[in-house]
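The values are calculated or read from the model by the stated rules, or taken from the named source; none is laboratory data. What you are looking at is a predicted structure, and each value in this text was computed from that prediction instead of being measured. Using ideal geometry, Cβ is built from the backbone for each residue, glycine included, and neighbour counts are taken over all protein chains shown. Protein only, heavy atoms only, side chains kept; ligands, DNA and RNA dropped before computing areas. Shrake-Rupley method; radii C 1.70, N 1.55, O 1.52, S 1.80 Å.
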Amino acid sequence: LVFRGERPHREMPEFRARFDVEIIPFRLSPLTHSTDPVKLYEAAAAGRTVVATPMDSLEPFARRGLVRLAATAADFARQIEAAAAEGAQGAQRQRAFARDNTWDIRAQALEAWLTEGRGRDTVNRER
């Protein structure tokens, strides 16, 4: 394991190509329990399984096998090994999830929610 410090975003594809597993080791707090980490989606698009601290916001993804949760260093080590062993099957599952969660798809879902429900009277449908 090599800590390289902060890197420019443009360098990430080169770094990510060498990863087997990605981690989200956030310190748990009310804020992090409410986050939806972009890194989860970036890792999925790259076909990588994520091991993360047990944030409430990630539990639905864990139930679907899209992220592995680990509360201790020993848990992280075990989950990283298990995630790395998933191989091509895990990569395929992650990429399918990423395809279903593009910004375009999210924007369509938000627009539908706004026009079909709460925002019905406030959304201007003209573009």
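Listing for the model above:
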read-out: Any hit, region 27-49, residues being of a type in the set (S, T, N, Q) and modelled with pLDDT of 95 or more; value: no
read-out: From the options Ile105, Ile23, Ile80, residue that is more than 28 Å from Phe3 (Cβ to Cβ) and of a type in the set (Val, Ile, Thr); value: Ile105
read-out: Qualifying residues in region 14-23 (those that are loosely packed, with under 15 Cβ neighbours inside 10 Å and not in a loop (DSSP other than H, G, I, E, B)) - the one modelled with the lowest pLDDT; value: Phe15
read-out: Per-region count, region 43-53, residues over 15 Å from Arg99 (Cα atoms) and part of a loop (DSSP other than H, G, I, E, B); value: 1
read-out: Filter pass, Phe26 being in contact with a Ser or Thr (Cβ under 9 Å, 6 or more places away or on another chain), surrounded by 10 or more Cβ atoms within 10 Å (Cβ to Cβ) and not charged (D, E, K, R); value: yes
read-out: Within region 43-53, tally of residues that are open to solvent by 30 Å² or more (accessible area, probe 1.4 Å) and over 13 Å from Ile23 (Cβ atoms); value: 1
read-out: Answer residue from region 18-42, given it is farther than 16 Å from Phe97 by Cα and free of Cβ contacts under 8 Å to residues at least 12 places away in the same chain and is nearest to the chain's Cα centre (by Cα) among those; value: Leu31
read-out: Count of residues meeting criterion [of a type outside the set (Ser, Thr, Tyr), modelled with pLDDT under 90 and open to solvent by less than 80 Å² (accessible area, probe 1.4 Å)] in region 91-105; value: 2
read-out: Residues located in region 43-63, provided they are within 19 Å of Arg106 (Cα to Cα) and free of Cβ contacts under 8 Å to residues at least 12 places away in the same chain; value: Pro60
read-out: Residues located in region 54-75, provided they are surrounded by 12 or more Cβ atoms within 10 Å (Cβ to Cβ) and in a helix (DSSP H, G or I); value: Asp56, Ser57, Leu58, Glu59, Phe61, Ala62, Asp75
read-out: Index of the failed condition, Asp36 passing every other in (1) out of contact with any helix residue (DSSP H, G or I) (no Cβ under 7 Å at 6 or more places or on another chain); (2) open to solvent by 30 Å² or more (accessible area, probe 1.4 Å); (3) not aliphatic (A, V, I, L, M); value: (1)
